[in-house]
Amino acid sequence: MLNETNYFPDYARDGVQYFEGIIPDRLISELLSEIIALCGRKVDLSKNLFPQVEGALFDYLNSNSKSDYLALLRAIKASVRVKQVSITPSVISKAQKLLNSHHISQRSDPVLHITGKKFQLSDLSLAAPWHQDWPALRTSTHTLVVWVPLGGARDKGALSFKVGSHQNGIINSGDVQTVYSIDDKEISDFNTLHQGMLEGDAVFFNSLTAHSSQNTDEFRMAISFRFEDLTCPEWRKRQFTTSQSIVIDKRALTGEEKDIFHK
Ligand SMILES: O=C(O)CCC(=O)C(=O)O
């Protein structure tokens, strides 16, 4: 394990780089307030918002069906507040710099990540085992991932990275469960870096950098989004496609609508 405080990873060399305080507090607070409101709770702006999010989400989970809870998570993920975080000017300029391109895009949707034992819905842990994001995206090997904690990442809730693992290209991985997990032995040559993160910080990493999270007792919430270089020849060859797609979900139709559409 690398010394957490004395090591400053560099994106090109290590495939991961941290930036402190690049997301305005206001944006994070607005997103957290929205989550509390979506859970049907009143926001108390005089108190810390993150514990209120935890309480509101946990109550929602316990007083609604699992599918209603998952629908709420989808609604949160689709919030304009999430998009606002992902297009913060400071985030965009760092992404342009790290991708070495002024022409960048966000081809896929943001993802919402929750860990914390009391939010686990089945035997399947909410934590992510070691994996690369590339197999789930299949865009370009330059794809840049940005992970933004909304709370609970000051210690164990933060991601761990295998420093420099992006330089190995695509690593053997198992079948997809939640992610395409990588066996420890495939990445044992790389040092593990784990750095706690404050709200407002963001970590940028290559989609080939192996990373993981821990199944902590404490609640942790984060969002992630991806940037592509529109001038990347490799992505052009794939006709600017991505594997992370939105499909038309027929279950979303009401009974009446199903009668109208027949199929
Ligand atoms: O936040 C987590 O627990 C996992 C995040 C992750 O693996 C990712 O952003 O690819």
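Taking the stretch 224-242 as the region of interest, how many residues are surrounded by 23 or more Cβ atoms within 10 Å (Cβ to Cβ) and of a type outside the set (Phe, Trp, Tyr)?
Selection size over the stretch 224-242: 3.
Across the stretch 104-133, what is the number of residues that are in contact with a helix residue (DSSP H, G or I) (Cβ under 7 Å, 6 or more places away or on another chain), within 11 Å of the ligand (Cβ to nearest atom) and among the charged types (D, E, K, R)?
Looking only at that region, the number is 0.
Collect the residues in the stretch 170-181 that are more than 18 Å from the chain's Cα centre (by Cα) and either surrounded by 17 or more Cβ atoms within 10 Å (Cβ to Cβ) or at pLDDT 90 or above (or both), keeping them in residue-number order.
Selection gives 171, 173.
Can residue 31 be described as farther than 30 Å from residue 165 by Cβ and either touching a residue at least 12 places away in the same chain (Cβ under 8 Å) or touching an Asp or Glu at 6+ places or on another chain (Cβ under 7 Å) (or both)?
In short, yes.
Identify, please: which residue in the stretch 78-90 is surrounded by 15 or more Cβ atoms within 10 Å (Cβ to Cβ) and more than 13 Å from the chain's Cα centre (by Cα) and is, among those, farthest from residue 32 (Cα to Cα)?
Here the answer is 88.
So, in the stretch 9-32, exactly how many residues are in contact with a helix residue (DSSP H, G or I) (Cβ under 9 Å, 6 or more places away or on another chain) and of a type in the set (Phe, Trp, Tyr)?
2
Taking the stretch 92-113, which residues are outside any loop (DSSP other than H, G, I, E, B) and surrounded by 17 or more Cβ atoms within 10 Å (Cβ to Cβ)?
Selection gives 94, 95, 98, 99, 104, 111, 112, 113.
As an exercise: evaluate residue 75 against (1) surrounded by 15 or more Cβ atoms within 10 Å (Cβ to Cβ); (2) in contact with a helix residue (DSSP H, G or I) (Cβ under 9 Å, 6 or more places away or on another chain); (3) in contact (Cβ under 8 Å) with a residue 24 or more places away in the chain; (4) not acidic (Asp, Glu) and give the number of the one condition it does not meet.
Going through the list (1) surrounded by 15 or more Cβ atoms within 10 Å (Cβ to Cβ); (2) in contact with a helix residue (DSSP H, G or I) (Cβ under 9 Å, 6 or more places away or on another chain); (3) in contact (Cβ under 8 Å) with a residue 24 or more places away in the chain; (4) not acidic (Asp, Glu), residue 75 breaks only (1).
Pairs under 9 Å by beta carbon, first residue at positive phi in the stretch 200-220, partner within 11 Å of the ligand (Cβ to nearest atom) and at pLDDT 95 or above, six or more apart or different chains?
If the second residue must be within 11 Å of the ligand (Cβ to nearest atom) and at pLDDT 95 or above, the pairs left are 200/148; 200/149.
Could you list, in sequence order, all residues of the stretch 1-51 that are part of a helix (DSSP H, G or I) and within 30 Å of residue 189 (Cβ to Cβ)?
Of everything in the stretch 1-51, those that are part of a helix (DSSP H, G or I) and within 30 Å of residue 189 (Cβ to Cβ) turn out to be 11, 12, 13, 14.
How many residues are more than 22 Å from residue 215 (Cα to Cα) and either touching a helix residue (DSSP H, G or I) at 6+ places or on another chain (Cβ under 7 Å) or hydroxyl-bearing (Ser, Thr, Tyr) (or both) when one looks only at the stretch 134-177? Steps first, please.
Residues of the stretch 134-177 more than 22 Å from residue 215 (Cα to Cα): 134-135, 137-144, 164-172.
Imposing the further condition that a residue be either touching a helix residue (DSSP H, G or I) at 6+ places or on another chain (Cβ under 7 Å) or hydroxyl-bearing (Ser, Thr, Tyr) (or both) reduces the set to 139-144, 164-165, 170-172.
Going through the stretch 134-177 one residue at a time, the tally reaches 11.
Among residues belonging to the stretch 83-112 that are without any contact (Cβ under 8 Å) to a residue 40 or more places away in the chain and among the polar types (S, T, N, Q), point out the one that is nearest to residue 14 (Cα to Cα).
Selected residue: 96.
Here are some residues: 155, 109. Which one is within 24 Å of residue 50 (Cα to Cα) and under 12 Å from the mean Cα position of the chain (by Cα)?
Among 155, 109, only 109 is within 24 Å of residue 50 (Cα to Cα) and under 12 Å from the mean Cα position of the chain (by Cα).
Test of understanding: among 190, 240, 261, which residue is more than 16 Å from the ligand (Cβ to nearest atom), over 27 Å from residue 73 (Cβ atoms) and modelled with pLDDT under 90?
Of 190, 240, 261, the one residue that is more than 16 Å from the ligand (Cβ to nearest atom), over 27 Å from residue 73 (Cβ atoms) and modelled with pLDDT under 90 is 240.
Which numbered condition in (1) within 12 Å of the ligand (Cβ to nearest atom); (2) closer than 16 Å to residue 14 by Cβ; (3) part of a strand (DSSP E or B) is the only one that residue 148 fails?
Tallying (1) within 12 Å of the ligand (Cβ to nearest atom); (2) closer than 16 Å to residue 14 by Cβ; (3) part of a strand (DSSP E or B), residue 148 fails exactly one: (2).
Which one of 165, 173, 140 is away from the ligand (no atom under 11 Å from the Cβ), touching an Asp or Glu at 6+ places or on another chain (Cβ under 6 Å) and more than 30 Å from residue 33 (Cα to Cα)? Walk me through how you get there before you give the answer.
Details: 165 fails: touching an Asp or Glu at 6+ places or on another chain (Cβ under 6 Å); 173 fails: touching an Asp or Glu at 6+ places or on another chain (Cβ under 6 Å).
So the residue among 165, 173, 140 that is away from the ligand (no atom under 11 Å from the Cβ), touching an Asp or Glu at 6+ places or on another chain (Cβ under 6 Å) and more than 30 Å from residue 33 (Cα to Cα) is 140.
The values are calculated or read from the model by the stated rules, or taken from the named source; none is laboratory data. Everything numeric in this text was worked out from a predicted model, so none of it was measured. With ideal geometry, Cβ positions are generated from the backbone for all residues, glycine too; neighbour counts draw on all protein chains shown.
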